[in-house]
Every structure is written in C-alpha cells, then in structure tokens.
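The values are calculated or read from the model by the stated rules, or taken from the named source; none is laboratory data. Since we're looking at a predicted model, the values are computed, not measured. Glycine gets a Cβ as well: all are built from the backbone with ideal geometry, and neighbour counts include every protein chain shown. Each accessible area value is taken on the protein alone, full model and side chains, heavy atoms only, with ligands, DNA and RNA left out. Shrake-Rupley method; radii C 1.70, N 1.55, O 1.52, S 1.80 Å.
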Protein chains: 2
Amino acid sequence: MITIDFSKRGNLSLTGFLYQSLKQQILDGTLKPGEHLPSKRSLAQHLGVSVITIENAYDNLIAEGYIYSIEKKGFFVEEFNAAGEIAEKQSAAIIPVSEENTEKTGNPAQTQSFFADFTKNAIAANKFPFNTWAKVTKQVLTRQSSQLLATQNMQGCPALRQAICQHLKSFRNIEADYDQIIIGAGSEILYNFILQLLGTNHIYAVENPGYHKIYKVFTSLGAKCAAINIDKSGILINQLEKSNARTVHVTPSHHFPTGIVMPIKRRLELLAWASAAPSRYIIEDDYDSEFRFMSRPIEPLFVTDRNSRVIYMNTFTKSLAPSFRISYMVLPKPLLALFKQNLNFYSSTVSAVEQFTLASFINQGFFSRHVIKMKNYYRSVRNFLIAELQNSKIKSQIEILEENSGLHFLLNIKSGKSASQLKEDLAQNGINAKLLQEYFYSSSDSSDFFSLPKAGAAPDAKNQAAFVINYSGIQIEDIKQIVQRIEKSL
Amino acid sequence: MITIDFSKRGNLSLTGFLYQSLKQQILDGTLKPGEHLPSKRSLAQHLGVSVITIENAYDNLIAEGYIYSIEKKGFFVEEFNAAGEIAEKQSAAIIPVSEENTEKTGNPAQTQSFFADFTKNAIAANKFPFNTWAKVTKQVLTRQSSQLLATQNMQGCPALRQAICQHLKSFRNIEADYDQIIIGAGSEILYNFILQLLGTNHIYAVENPGYHKIYKVFTSLGAKCAAINIDKSGILINQLEKSNARTVHVTPSHHFPTGIVMPIKRRLELLAWASAAPSRYIIEDDYDSEFRFMSRPIEPLFVTDRNSRVIYMNTFTKSLAPSFRISYMVLPKPLLALFKQNLNFYSSTVSAVEQFTLASFINQGFFSRHVIKMKNYYRSVRNFLIAELQNSKIKSQIEILEENSGLHFLLNIKSGKSASQLKEDLAQNGINAKLLQEYFYSSSDSSDFFSLPKAGAAPDAKNQAAFVINYSGIQIEDIKQIVQRIEKSL
C-alpha cells in the first residue's frame, strides 16, 4: 500500500500534499506504469484522511495525465511513451507569454510578473507532446525531403488541407472540399486576405465588446469599422443593419470575451441579414470550439448557411500553442473563385516542414488525442477553479457567467470598491485580470448587458466589476492560493 | 587505380559517363571518404582520355560536393556526415515547383513539364543539408521546449534577429541593431507591413521591367503603383521624380530580371531623390545578394544612406529553399518607432520552432557553409552553361548579358523567328523560358534598353529575343542536352 508521510506536508493542504507525493512516486518509479492504484475509499482509510481528499488528488492527477481511470475497474498509473516525456512533466512550468514579448515592443510598465495571469493565452508547457512532435518532424524531414523544398501551393499543402477537412467533418460537421481551405501563418494573415478579397471601401462590423485586435487589423488595412453591441444572444441585428456594414466578424460558438453562445434564432437572423443584400459576408471565428465541455457543440454558421455568405475561420494557436503560426479559413465557393482569380499570386505563408508535420500529426491521430487530453485538463482546471470560488469566503459576492465552453469565463464581483480599484488590488495580490469593460470600444457603449457598469465609468455606483478569466495558463495546484488571493483583495 | 569501362557509356559523353561512374563509386564505397584521387593528368593517361575530360568530370563532382580539392595536394573524396546524407544524394533529383502549385490555383495549361524550366525558383534537392537541419530541429525541440510554446515577439525571436545581424555585418557590412529587424513569413508579408506603415494614399514606384508580384501586392492592398523605366544603370530618376511617387521599390544589387548592378552614381542620385522631400522611402530588395560570384559585392543602399530613408529587405527563400517562409527587413530608426507605435498588435508570422532552428543553424556556422557550397555549385552551373552556349553551333547568334551575380542572366538570341515563335519552339523542345518583354508592365513601355524589341511587339522586325535564364533549378549533367535543344529550336 502507498505510504505518505503527512508530517512533512508543511503549509500544503492535505490534498495538495497527497497530489505532490503521488506525482513524485510516479515520476521516480515507486509507482510503476500501469500499476493499479488503491480505490479512493481504501486509500482514505489507509491514510486516515477523508475520501474527498483522495478524490481531489486523484482528479488533479487525472487532469494532468499522470493517472487514468477505467469505469468499474479503478485508477491506474499512466503509461508514458518515453523517459523524456516524464522528464518534461517534471519541469512542469506554465509558459507565460515570454518577457521577450513586451520587451521593446510592448509597454515596459506591463512586464510585471503575476502569480496568476488571466489575461494571457499561455498554455501548460508540460502538456505539449514535444517528443511526438519531434518524432513526426524527423519523419517528415527524412521521408519527404524532396517535396519539402518545392514551392508550396499558395493555399497550403494539399495533405494538410485534406487532414483539416477530415477534422472539420468529424469535429464540426463541416463538409468542405480541401480546395476551399486556405492556410495562413495566423488569423491576421487570413483577415488580410479577406480584406484584399472583399475590398476596404465598405464598413466592417465587429462585436462590442470584442477582441480589439480584429478592429486594429481591419482599420490598419484601411477599412472602416463599426462596433456593434451585443445582448445575451450575441450581436444585435438591428444595430448591424443600421451600421451599413457589408461584412461582419462574429464569434458565435463562444463570444469573446463574454462566452455567450449564439442561439439558433439569432443565427438565423444573422444569416438572413447576410442574404438580404448582395455582397454581404459573415466571418465566423470559431477560435476555441475544440474546448466545449458539455454536450455536442452547436453547428457552425458555415453549416447552417445556404447562401454561401459565411467564411469559416479557425486556428491551431489555441489547440497546439500560440507559437505555432497555423490558422485556416474555409471559403464559400463563389468567394473561392474570386480568391483564385485575384490573389493566387501570393505564396503560402507557412513553411512546408510545419505543414507536412502537422498533416502527419493529424493523420496519425496525435492531434485529436492531444485535443481530448487538453480538453480534459482544461475542464479540470475550470471545474476546480469554479468550485473553489463557489466554496470560498466570498461566495455570496460573486457570480460566474459561463456556458461550459471555451477557455475563459466571466467573474462578476460585488465589493465595496470601484472596478478599477478592485483590479488594482487584485494586481497588488499577484492576480492579473482584465475588466469586461476594457473590451468595449468606447466608454459610451451600452453595457446594460449583465447589468454591468458602463465602460470607463469608474468608480461606479453599483460597486460591481466583471473580470474576464482566461484560465488556460494557470496550474491546478495554484488554484487554492489564487482564490485566497482574490478573497484577500476584496 | 580507378577502373572505368567506357564501352558501357551508351549515349553519354565521355565526361558525362566518367562523372556518373565516379559518383557511383563514391556512393557505393568503392572510393572511400578521404581517399586521394589520381591527378587529372595521370587519370587521363590511365583511362586514355583527354585531361579536359577528367577536368570537367572533377569540376562537376566538386560542384556537387562529392569531392574536394586542396591546392598543391590534389583531389579527395568528401567525408559525409552520415550514410543518410549519401542516400539523399543518390535521389539527386532537382525539385521542380511541384505540380500541386499550379493545380487548381494556377492555369492548368501551364502544368506541362519541361526538360529544363528557366522560369522557376527551383533548387537542387540534393543540395539542402536535410540531416543537419533535422539535427538542429531536434536539438531545438528538446532543449528549448518551454521557450517554443510562448507567444513570440512580433518582430521575431531575438535569437534569430541577433543571428541575422551578425550575418548582415559580415556579408553586407550592415551595422544594425537586432531591434531594427522584423521577421516575416515571406517578403509579401513584409511589403504588407510597409504599406500599413507608410499608408496607401500615395504612389509606390516599381522598376520596369520588374518582378510583377511586387506590383500586384501593392495594388491588391489598395496603393497606386507607377512602373518606372530603367536604363543600363537602373531606375531612371527623372521618371521617378515625374511620377510623384513617394516610395520606390528597387533591386540595386542585382536588378530583376536584367541583372543590372546599380552603379554608385545612380545610387547617390536615388538617395538624393529620397532626401529631397519628406516621407520619401526606398525599399531595397537584396533578394539574391548572397550569390555574387566575382569580387566583393557592392555596398547596400542601406549602408550608403545617411538620412534613414532606406528599408532593407532580404529573404532565406533563395539561400535555403522557397518552402522556408522566412524573410526579414531592417527598418531605419524613425520608421522603427512608427512601426512599434502602429503595428505592435500583430503576432509574429513565423513559427517559433523554425525561428529557433534557423537561429541555431546560423550560429553553428551551417548557414554560411551552406551558402558557400551553393554559391560554388551555382557558379559551376552558370559557368558551364555559359561556356556550352558560347561553344555551341549558335554561338554567333547569341549574346549573354550578365554581371557575375545572382541566379539568372539574360540570353539574347538572333534568329529568323519572332520572339514569341522562338519561345514556342523552345517549349516544343522542352525548354521553358520567359521573354524579357514579359516583365514589362505594358506593351508601350520603352525597351530600347539592350536594343530589344518593344514588349508585346511580336513578330518583331529585329528578329531577336531576350530570354531570362533562371538557372538555379537545372542539373549540370543536363546542360549539354539543354544547349542541343536550344540549337534545335532556332
């Protein structure tokens, strides 16, 4: 039976110490790959702790891939591919957006490092299957050398586009010909193509609140932009109509940053808007649809659309890592013809080696395995964080707004403080988070939505603040401390 | 002593057969790595062939990296890193632009395959050091894993920018801070940045004749373009002045496609034009400066410039392979400040793995070794092709215009045929080449330059045609046959 010396736990909770000890025993081989672990009940009896303590520790270990469970059989130590993969897990640091990133190009005042940063698209470094990626890269470099040196198809290599088609069919029910797919080195490149395709002499609409980078890309390329308010179903069609926009960018499967999933009624209204006049298009940004946790995700607009008015976009930035610059879009056929006519002089923006590697990574099943693993991991982080918040000392002051989807949710906090003061106090306690109102485009924008104070209106009368909690970069074992730090800030 | 059975040479020339036989003996180990080969004279005596036959075969083998020579010591079989690298050399095919490339996006009529294609940026597949690249990639994936997952600096990773600075210092005498460098997934991305930086509400000038893709990128992004004629010193400053352009794109170190190297007088005039009014900029495209064969290359405009009006651009497309999507530009400091202010919201367009791999490839000396090897190889191809043309049956009908630089030259052919007819007859004989006049922007453009017929004026009175010979994709052993096919076409 497993031995744990709880006298050595120091400041750690029982669960935290148990989790650390079991992890250590797996890493040093005391617990062997495939070994059947004791049931929660028997281990609890043996160690003299509660079943819930064992359960929490087991859950963390499952989430991080150290152990797995088989229904009615119990818990087992994971089989690792290679010693190297365990070694990676030992150096388990979360990768923050590197300091490089703000160095010189960013605002130096923001290089402060936080105990937990909810504003970044960080991912857990120990989650990426480096060994597998290295193995597939090596295969590609040795077996496909002659193909690798050739100039690639400007839309992306057919092997990768075919692999994406398969993935889209099984994950998103999208039936597309691989020829409709355009691969680009990041979504920004694809927006750039779209603007060259549709022109910059009309108005592009974006969601308000929303992801400001889209707005910046559009305006930087010379287009006019209109920020359209949303309600609890998503973008407001009457405002969209009034704006005279011809193209609209939306995130229907998981609105950024509110997390709203656009219901079918609003979707049909949006599609009807597009079909009501010639040359109206919808850019459907499906950026984190891989991470919907409950039930089957809602069908993309691209599938519901019957009039070829939807450009579907997705990225491997969320599902692999932000440093892999591979995104793609699926063009409706009439736009595809226009694209080939006007933009086929461009070169592909993604290197052949990475395109072939990713194609092989998908085709060998590594990608879907990785997505499932990450989804389980993110679900555990999310559930644990939400549970800890809901059981915290401040549980009566908080409200969590989420729809079981994506890598962020909203945390609404009522306190005696203004939103900006609370944000500052959180930062003082090592917690970095952005206010929802920061994602609005101007302080006069309506935000009756969620009964939140108007953007910029701080200190506000209502004494409540909604924070966008982008949790993909935090560690499970830090969550208890994160919640304590939030409690302390109120 | 080496044994060669010339009775088996079939249709091959003595040199061709000797070259093939020696290569085979190196590949199958009959001739061992490091082995001292007989002198040209003694091998010629032994085999009963002329010294020139041996010399040509040895030259080919040196060019392809099978043997090397040490002054006053003689010729030796190359040491290969690994069995794999020899195997690669066996499958020595030249990589044409893959059929994929024109499939669906291109004109299907152009998918015809040619015996020799002088229109493509193909590179010799057996020249790329796949094993080294794979080794460095593996090192990067295992040693730098945590850095690889972080969001990268939007200008590119500092390690690569520092490596490029070193390279620019030693190869081009450019003193730049690494912070002035912006890395992009191909030059088109960088042009795109430049247009967002300088705006599209003024005229961009391009060289006429020139690389039409630049013009397409500029106009596709909404800028107005003016095509400015060139004379034997390059772009005409008085026409540039008259055009009211504010930005000009030039290829001073090796004009595309004529090969002209801009002399210092014209360079100073061009720099004076830029300084004569505010907000005038020169984009200096130094795309194939690594491949200057004689003497030290002329200093870049970026170095001569004293008024921060030159944006320097270069690419790894020519020096590595077109499928590596890595280019860079060096911004003068005032523009750098503007870039950081306006465009720092963008993400880097090159994946972290390739950036770190290339940085390490440069820092470990593999890049400069590769460039030197390729330069020697291209020089051999070029010299052999030119020599064969100058010794051919049509030597009195041809004129070669080149300046010992870059990967293309002009071949002017006088025949009884119109330019378009000759082009067609060459294609019938498996030789694909573009006419110089195809690089002019309109048929009314002046081309008294080289006393060539006006663009589009076919059949022409002068019965001469200038072809752009982009030779980087042809094989040395095919050259004799290529020249025979050209002879046949006249």
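Packing, as the average of other Cβ atoms within 10 Å across residues, places the peptides B:131-140, B:36-45 in the order B:131-140, B:36-45, highest first. Between the listed residues A:GLY365, A:TYR377, A:LEU410, the Cα displaced farthest toward the positive end of the dipole of the stretch A:341-429, a dipole computed from Cβ unit charges relative to the Cα centre, is found at A:TYR377.
For the stretch A:158-260, what is the charge dipole size about the Cα centre, in debye to the nearest 20, if Lys and Arg each add +1 at the Cβ and Asp and Glu each add -1 at the Cβ?
180 debye
Taking +1 at the Cβ of each Lys and Arg and -1 at the Cβ of each Asp and Glu, which of A:HIS249, A:ALA227, A:ILE189 sits farthest along the dipole of the stretch A:178-269 towards its positive end, judged by Cα position relative to the Cα centre? Projecting each Cα onto the dipole axis, the largest value belongs to A:ALA227.
Can you give the average number of partner chain beta-carbon atoms within 10 Å of each beta-carbon in peptide A:321-331, as a whole number? Before the final figure, lay out the partial values.
Details: counts 7, 7, 15, 5, 12, 1, 0, 0, 0, 0, 0.
Mean inter-chain Cβ contacts per residue within 10 Å come to 4.
Ordering of A:239-248, B:251-260 by packing is B:251-260, A:239-248, highest average first (other Cβ atoms within 10 Å, averaged per residue). Distances between equivalent label points of A:GLY48 across the copies, with each point positioned 7 Å along Cα→Cβ, amount to 10.0 nm, shortest listed first. Surface composition of chain A: carbon plus sulfur atoms hold 49% of the accessible area, using a 1.4 angstrom probe and ignoring ligands, DNA and RNA.
The residues of chain A expose on average 39 square angstrom of accessible surface per residue, using a 1.4 Å probe on protein heavy atoms.
Would the stretch A:9-74 count as rounded, prolate or oblate if I go by the C-alpha gyration tensor, calling it rounded below 1.5 in a/c and otherwise prolate when a/b exceeds b/c, oblate otherwise? Cα axes put the stretch A:9-74 in the oblate bin.
Less than 5 angstrom separates the built amide H of A:GLY186 from those of A:ILE326, A:SER327, all sequence-distant by 5 or more or on a different chain.
Averaged over peptide A:220-229, how many Cβ atoms belonging to another chain are found within 10 Å of each residue's Cβ?
If you average over the peptide's residues, the count of other-chain Cβ atoms is 2.
What whole-number distance in Å separates the alpha-carbon centres of the stretch A:344-398 and the stretch B:241-285? If you average the Cα positions of each part, the centres end up 48 Å apart.
For the rotational copy relationship between B and A, the axis lies nearest to a chain B beta carbon, identified with its distance in whole angstrom as B:ALA185, 2.
For B:LEU37, the amide hydrogen comes within under 5 Å of the amide hydrogens of B:PHE75, B:PHE76, B:VAL77, counting only partners 5 or more places away or on other chains and with H modelled in the peptide plane.
Could you sort out which of B:LYS417/B:LYS488; A:LYS213/A:LYS434; B:LYS32/B:LYS73; B:LYS216/B:LYS340 sit more than 19 Å apart by Cα distance in this structure? As for pairs spanning more than 19 Å Cα to Cα, those are B:LYS216/B:LYS340. Label point of A:GLN428 (7 Å along Cα→beta-carbon): distances to the other copies' equivalent points are 8.8 nm, sorted ascending.
Using a 1.4 Å probe over protein heavy atoms, the accessible area lost on pairing B with A, summed over both chains, comes to approximately 5500 Å². Karplus-derived 3J(HN,Hα) values for the stretch B:349-357, using 6.51 cos²θ - 1.76 cosθ + 1.60 with θ = phi - 60°, are 9, 10, 5, 4, 4, 5, 5, 5, 5 Hz; glycine and proline are entered as x.
According to the calculation over all Cα-Cα pairs in the stretch B:348-426, the P(r) per 5 Å bin from zero is 3, 12, 14, 15, 13, 11, 8, 7, 8, 7, 2, 0 %. Structural descriptor for chain B: relative contact order 17 percent, calculated from alpha carbon pairs under 8 angstrom and at least 6 residues apart.
Residue by residue along B:138-148, Cβ atoms of other protein chains within 10 Å of the local Cβ number 5 on average.
In the assembly of identical copies, B:SER279 has its label point, taken 7 Å from Cα in the direction of the beta carbon, separated from the corresponding points by 2.7 nm (ascending, one decimal). Going by a ≥ b ≥ c, the root eigenvalues of the Cα gyration tensor, does chain A fall in the rounded group (a/c under 1.5), the prolate group (a/b larger than b/c) or the oblate group? Cα axes put chain A in the oblate bin.
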